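Read-outs throughout are calculated quantities, based only on the coordinates presented, and are distinct from any laboratory measurement. Since this is a predicted model, take the numbers as computed values, not measurements. Glycine gets a Cβ as well: all are built from the backbone with ideal geometry, and neighbour counts include every protein chain shown.
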Amino acid sequence: MTFAVYTLGCRVNQYESAAIAEALIGRGATMLSPEDICDAYIINTCTVTAESDRKARQFIRRAVKKNPNAYILVTGCYAQREADKISRIEGVDYICGSRNKNSVVDALFSLEKSGKKNAQAEILPCELEKHGFEPMSISSFERTRAYVKIEDGCENRCAYCVIPSVRGKVTSKPHDAVLNEVSALAKSGYREVVLTGIETSSYGKDIGDDLVSLVRDVDKIEGIERIRFGSLDPVSANARFADEISSLSHVCHHFHLSLQSGCDATLARMRRKYNTQTVRKNIEYLRKKMPDVCFSADIIVGFPGESEEEFSQTLEFLKEINLLHAHVFCYSKRPGTEAQSMPCQIDEETKKKRNRIISQACEESKYSIIRENMGKVMPVLFESTENGYATGHTDNFIEVKAKCGENVRGKTLDCEIFEIADGTAIAKILNK
């Protein structure tokens, strides 16, 4: 049996898709590309924006059209929220939610055994409050850096976000299970891991553990050279975190913050639990402990009530903190959220304009950071080699491209940055 997995959304979804694929391969199935004609298509959905929902429906229909006889299985956050709507799409055979994704594996083999397409999609309900952390693991990953899911769920209840209602409360992977998984990845040759979750900073609150304690033990695993994190709540990146993390040998000097805005009034309406002064203080302290540290962030533009003055405050704050990169999103109404019915909704054209302005400002910040690092010798973990050039990232996540006539994927080599081209640092490899 051949299958393909199409993944929308976050790193957690990417990890979960990899775990499902590995389980299917372990039972004899063959994985192909979503562009191929397959016996089955698994669509792992996201619902963070209306565009995510649209893309999920689009790919379901595309898969049905590509092979009308294929089994179509849909899982993930959009499936958790809109199972009935998905079931009305002709050709869908199976639907499950956010915390019973493993059921896709047995479901597919049951469908194959039946030998026929179901007249009506089977929906496996997922009552989030009854599910703890769903056991999953991977021993390989398609990228040089491997994602490891350590946490699920979120309890922040931000005004714009539907995720708590489709992912449930915080639930954490047992400490030893994380260590065992990372150890297995290290033995398979992976040198970099990304510890990720829906709310990574909340790791351990349900099991009497915490992120710093976990990372302290991951740092000791033989073979692991780099440890990164998924998105961190800016509050969690505090002085204690900085003191502990900066003392570890393998934690990368790059952090991605779920910042969302650089204006205190906007943050308050979003129901975020910090202000810009907290963010500024934590960033300054991390830079004191790690002078070469870089930051990236998620930013939402066009949140209801965001005036030109508020937008200007966000723009100026982002210039001040000097981000290496930003994921900029236009605010999208989500059913059942507080922000959906807030007054002073922003028109789409204004959102798009603000997105362009913020993106351009952050691009300029990236260029300034790369210029600051020109002439420095920095270790680069290379992730690909193509057309005579190798591409990878420094410890602090600067993307580097270097001329190279051999395949150096998976190798960490010293490089000297000497130029910038198209937002990428151009470097010379000093050792091979």
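In whole percents, the pair-distance distribution calculated for the stretch 2-128 from its alpha-carbon pairs, binned every 5 Å from zero, is 2, 12, 25, 27, 23, 9, 2, 0.
Which net charge results when you count Lys and Arg as +1 and Asp and Glu as -1 among the other residues whose beta-carbon is under 14 Å from that of Asp39? Show your work: numbers first, answer last.
Working: positive: Arg27, Lys66, Lys113, Lys116, Lys117; negative: Asp36, Asp93, Glu112.
Every neighbour counted, the sum reads +2.
Extension gain for the segment Lys66 to Ser312, taken as residue separation times 0.36 nm less the Cα-Cα distance, is 83.9 nm to one decimal.
Quick one: Cα centre-to-centre distance for the stretch 42-95 and the stretch 333-377, in angstrom? So the two Cα centres are separated by 29 Å.
Under the criterion of Cα pairs below 8 Å and six or more residues apart, the relative contact order for the chain equals 10 percent. A compact globular protein would have a Cα radius of gyration near 2.2 N^0.38 Å; the ratio found for the stretch 377-429 is 0.95.
Taking other Cβ atoms within 10 Å as a rough exposure proxy, Arg271, Arg240, Arg191 sort from fewest to most as Arg240, Arg271, Arg191.
If you take all other residues with their beta carbon under 12 Å from the beta carbon of Asn373, and give Lys and Arg +1 and Asp and Glu -1, the sum is -3. Size of the stretch 253-377: Rg and Dmax of its alpha carbons, in Å, are 15.3, 52. Over the chain, one equal point on each Cα, no solvent: what is log10 I(q)/I(0) by the Debye formula at q = 0.12, 0.13 Å⁻¹? Per q value, in the given order, log10 I(q)/I(0) is -1.11, -1.29. For the stretch 304-343, what is one quarter of the convex hull surface built on the Cα atoms, given in nm²? Result: a mean projected hull area of 3.6 nm². Could you pull out the pairs from Lys273/Lys352; Lys101/Lys173; Lys173/Lys205; Lys401/Lys428 whose alpha carbons sit more than 18 Å apart here? Lys273/Lys352, as the Cα separations exceed 18 Å there.
With the convex hull drawn around the C-alpha atoms of the stretch 127-168, the volume per residue stands at 110 Å³. Counting pairs of alpha carbon atoms under 8 Å apart in space and at least six apart in sequence, what relative contact order in percent does the stretch 377-429 give? Reported as a whole number, the value is 36 percent.
List the GluC sites (Glu not before Pro) within the stretch 110-192 that DSSP assigns to loop and that have no more than 15 neighbouring Cβ atoms inside 10 Å.
Details: sites: Glu112, Glu122, Glu127, Glu129, Glu142, Glu151, Glu155, Glu181, Glu192; in loops: Glu127, Glu142, Glu155.
Those satisfying the criteria are Glu127, Glu142, Glu155.
Determine the gain in length on full extension of the stretch Met342-Leu32; use 0.36 nm per residue of separation and subtract their C-alpha separation, reporting nm with one decimal. Working shown, then result.
Details: separation 310, 0.36 × 310 = 111.60 nm, distance 4.47 nm.
Contour length minus Cα-Cα distance gives 107.1 nm.
Evaluated over the Cα positions of the stretch 229-278, the convex hull gives a direction-averaged projected area, one quarter of its surface, of 3.7 nm².
Stretching Ser247 away from Ala268 to a fully extended chain increases their span by 4.2 nm, per 0.36 nm per residue minus the current alpha-carbon distance.
Under the √(5λ) rule applied to the eigenvalues of the Cα gyration tensor, what semi-axes describe the equivalent ellipsoid of the stretch 347-386? Give them in Å, descending. Show your work: numbers first, answer last.
Values: eigenvalues 204, 47, 7 Å².
Gyration-tensor ellipsoid for the stretch 347-386: 32, 15, 6 Å.
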